[in-house]
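Since the structure comes first, as structure tokens, the remarks are kept for the end.
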Amino acid sequence: MLENKKVLLGVTGGIAAYKSAEIARLLIRSGATVQVVMTEAATKFITPFTFKAITNKEVITSLFDENSDPITHISAAKKADIILIAPATANIIAKIANGIADDALSTIVLASSAPMIFAPAMNTQMYLNPETQENISKLKRKGFEIIEPETGELACGDEGIGRLASIDEIIESVISEVNRKDDLKGKTIIVTAGGTREPIDSLRYITNRSSGKMGYAIAGEAAKRGAKVILISAPANLIPPSRAEFVEIETASELKVEIDKYFSESDALIMSAAIADFSPVQKIEGKIKKDGKIRTLELKENPDILKELGRNKKQQILTGFALEDKNLIENAKKKLEEKNLDFIVANDISVIGSDFNQIAIIDKNGDIKEFPEMSKTETARIIIDYLVDKLGDR
Ligand code: CTP
């Protein structure tokens, strides 16, 4: 998996720094050689000695310590096959986004052309701060990968987004990046994501709990593997992958208009958007005022976009998602047939909004593959592997 690969593991100063020891150990167990570089702040949370013991290598903490040669450090860094910064603080993200090199880690990063992965971990407010978000966008635009932090209880006692992503997900991302294949080169893939919004009046709308995470992970994976990706997304609190063309829509009908612009030239469509099945019969201009009366909201069914595309498809491989609360496989199979799909990804509604997924892939030939619970990044990889096979069989 990581045999003969050199990973430079940057550790910065946050509570999650203790998790980096486990990351280093698992990278080594996957076959990698690991060179750890720590910021000064990181050494306040975990000692270099821990990493030295795990990696069997001196840890770089400064460019100017007595026993080291700054040029050797930089050339060693340049040899890295990949740089992983985990945990990545708001500070290191800001420095690298803006080209600042004022310590060993930021200098090495600036001197390297290796692919880079950042796993941010910090307090929710710091993470959501527009400055941090802008810096993360900058890193994405530079082509670096960001492993989104998880939501949960934080060391500071707050509850929210900012916990370091799971160690498994971090290791999987390193393995995938290092072994990246260009097996979608020359292909155009449309990916849809997020829950559509259907307006009630100028202020209010109906939507669903879809976070868009699955679609964004699929778009990111397809783009990494060389495809031209068009990500058409309902509003989501996520940063689009840097290598994908991005189109934002709100309603199911807007989604359809955008798909139609790209569909004829595409090789595949992955419909991971949670498209509202119903929309209000009429959208009221302005704001509906309250008047003490009981109100009825009249809803009409939206056209089934995938079904229509299934009727008209030519070369395109069509993939849908089946979101079910019961009889998962049976219902998914029905949708596969009704919508004339090439394969369908079945999942239970309990995964909505979560960072994990548990899927089954059902093929039009009748094959059913069930998978254990995995991160959405890993799930995206499996779906894209499946798509690559399908495109090969065409
Ligand atoms: N879909 C679509 N157009 C719609 C509704 C859904 O193209 N108006 C797509 C979804 O993006 C998904 C697939 O159809 O890829 C299945 O969606 P799902 O919500 O699971 O099922 P529905 O077909 O809407 O059927 P039901 O809600 O009755 O289960």
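Residue count for the stretch 258-313, restricted to those that are away from the ligand (no atom under 12 Å from the Cβ) and either surrounded by 15 or more Cβ atoms within 10 Å (Cβ to Cβ) or not in a helix (DSSP H, G or I) (or both): 27. In the stretch 53-68, the residues that are assigned to a loop (DSSP other than H, G, I, E, B) form Cβ pairs under 7 Å with partners that are modelled with pLDDT under 90, at six or more places apart or across chains, as follows: 63/70; 63/73; 64/70. Which one is farthest from residue 306 (Cα to Cα) among residues in the stretch 184-211 that are within 16 Å of the chain's Cα centre (by Cα) and polar (S, T, N, Q)? Per the criteria, the residue is 211. Candidates are the residues of the stretch 314-350 that are under 17 Å from residue 273 (Cβ atoms) and open to solvent by 20 Å² or more (accessible area, probe 1.4 Å); the one that is farthest from the ligand (Cβ to nearest atom) is 349. Residues in the stretch 170-219 that are at positive phi and touching a helix residue (DSSP H, G or I) at 6+ places or on another chain (Cβ under 8 Å): 194 alone. On the stretch given as the stretch 246-257, residues that are of a type outside the set (Asp, Glu), under 24 Å from the mean Cα position of the chain (by Cα) and not in a strand (DSSP E or B) total 5.
Is at least one residue of the stretch 124-133 within 18 Å of residue 10 (Cα to Cα), assigned to a helix (DSSP H, G or I), modelled with pLDDT under 95 and touching a Gly at 6+ places or on another chain (Cβ under 9 Å)? I'd like the intermediate steps shown before the answer.
Here is the first cut: in the stretch 124-133, the ones within 18 Å of residue 10 (Cα to Cα) are none.
No, there is no match, as no residue in the stretch 124-133 is within 18 Å of residue 10 (Cα to Cα), assigned to a helix (DSSP H, G or I), modelled with pLDDT under 95 and touching a Gly at 6+ places or on another chain (Cβ under 9 Å).
Residues that are open to solvent by 20 Å² or more (accessible area, probe 1.4 Å) and of a type in the set (Val, Ile, Thr) within the stretch 127-144 are absent altogether.
Checked against the criterion of being surrounded by fewer than 19 Cβ atoms within 10 Å (Cβ to Cβ) and farther than 21 Å from residue 179 by Cα, the candidates 56, 4 yield just one match: 56.
The values are calculated or read from the model by the stated rules, or taken from the named source; none is laboratory data. No experiment lies behind these values; they were computed from the predicted model shown. Cβ: placed from backbone, ideal geometry, glycine included. Neighbour counts: every protein chain shown. What goes into the accessible areas is simple: the full protein's heavy atoms, side chains included, and nothing from ligands, DNA or RNA. Shrake-Rupley method; radii C 1.70, N 1.55, O 1.52, S 1.80 Å.
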